[in-house]
Amino acid sequence: MLEIHQFPCLSDNYGYLLHDPASGETVCIDTPDGPEYLRQAELKGWRITQIWNTHWHPDHAGGNEAIKAATGCTITAPANEGFPIYGVDRAVGGGERFMLGTYEVEVIDVGGHTKGHVAYHLPQAGIAFTGDALFALGCGRMFEGTAEQFWASLARLKTLPPATLIYCAHEYTQSNARFALHADPGNPLLAAYAEEIAARRTAGEPTVPALMERELATNPFLRADDPAMRERWGGDDAVATFAALRAAKDTF
Ligand code: ZN
Ligand code: FE
């Protein structure tokens, strides 16, 4: 069984160490803070062997150099970014597969937040690391991509099995919930989810990982193809509805 060690990093990132006891591999999912990752691995007694970056932003790849220098790990990162990522050994794009021990890893193109953003899906483990493409009740800002590209990315994520646990890169859920309630006020599942999120945050607990099944029913950005959302937000197709939602969130 894979183990995931989740810990807060920087102001609102999550750090993840993915450990496979059978093969001895330990993977850093993104590297917001090199020294903190090294400290957490030591606490767990795990030797870091790999880094998988989701995109080039410094709160996702800024620790690559320190971790590689300290451990000699190999770095897997998206092939199609427009800005460099330190120390890449294996550049991957959407549709590629590789192995972690006996676990298959599917690379999903989730460009839109950045041009070449990728997600890592491990179907046998029922988990996906989505970086800043998909958050609990939200999605990343559209810094480099187009609405067409970002919607296509979300449409790919929508095909993940509903039981998939979504490990996103930030604890943004409570503020995302405020926009989601504004975007989709009549959704009873969303109202219940938002209450649960508020209770968790009050208790100091993480809201991540998120269950895909729940996101499919409540995340407004994943529901841009839903007739109710189209009616409220306009647009002749899901791309246009997504664009309207994304623009509204930017100034909410
Ligand atoms: Zn980012
Ligand atoms: Fe980020």
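The values are calculated or read from the model by the stated rules, or taken from the named source; none is laboratory data. Note that the structure is a prediction, hence the values are computed from the model and not measured. Glycine also receives a Cβ, built like all others from the backbone with ideal geometry; neighbour counts cover every protein chain displayed.
Checking each residue in the stretch 210-252 for being surrounded by fewer than 16 Cβ atoms within 10 Å (Cβ to Cβ) and either in a loop (DSSP other than H, G, I, E, B) or on the phi > 0 side of the Ramachandran plot (or both) picks out 234, 236, 237, 251, 252.
Is it the case, given these coordinates, that residue 40 is modelled with pLDDT of 95 or more and assigned to a helix (DSSP H, G or I)? Criteria met by residue 40.
Within the stretch 129-166, the set of residues being free of Cβ contacts under 8 Å to residues at least 60 places away in the same chain, within 23 Å of residue 190 (Cβ to Cβ) and away from ligand 2 (no atom under 13 Å from the Cβ) comprises 153, 159, 160, 161, 162, 163, 164, 165, 166.
Within the set 4, 48, the sole residue that is within 17 Å of the chain's Cα centre (by Cα) and surrounded by 16 or more Cβ atoms within 10 Å (Cβ to Cβ) turns out to be 4. Picking from residues in the stretch 169-197 that are part of a loop (DSSP other than H, G, I, E, B) and surrounded by fewer than 17 Cβ atoms within 10 Å (Cβ to Cβ), the one that is modelled with the highest pLDDT is 185. When residue 207 is tested against (1) buried (at least 23 other Cβ atoms within 10 Å of the Cβ); (2) among the hydroxyl-bearing types (Ser, Thr, Tyr); (3) within 24 Å of residue 121 (Cβ to Cβ), exactly one condition is not met: (1). Screening residue 70 on (1) aliphatic (A, V, I, L, M); (2) over 16 Å from the mean Cα position of the chain (by Cα); (3) within 16 Å of ligand 1 (Cβ to nearest atom) shows it passes everything except condition (3).
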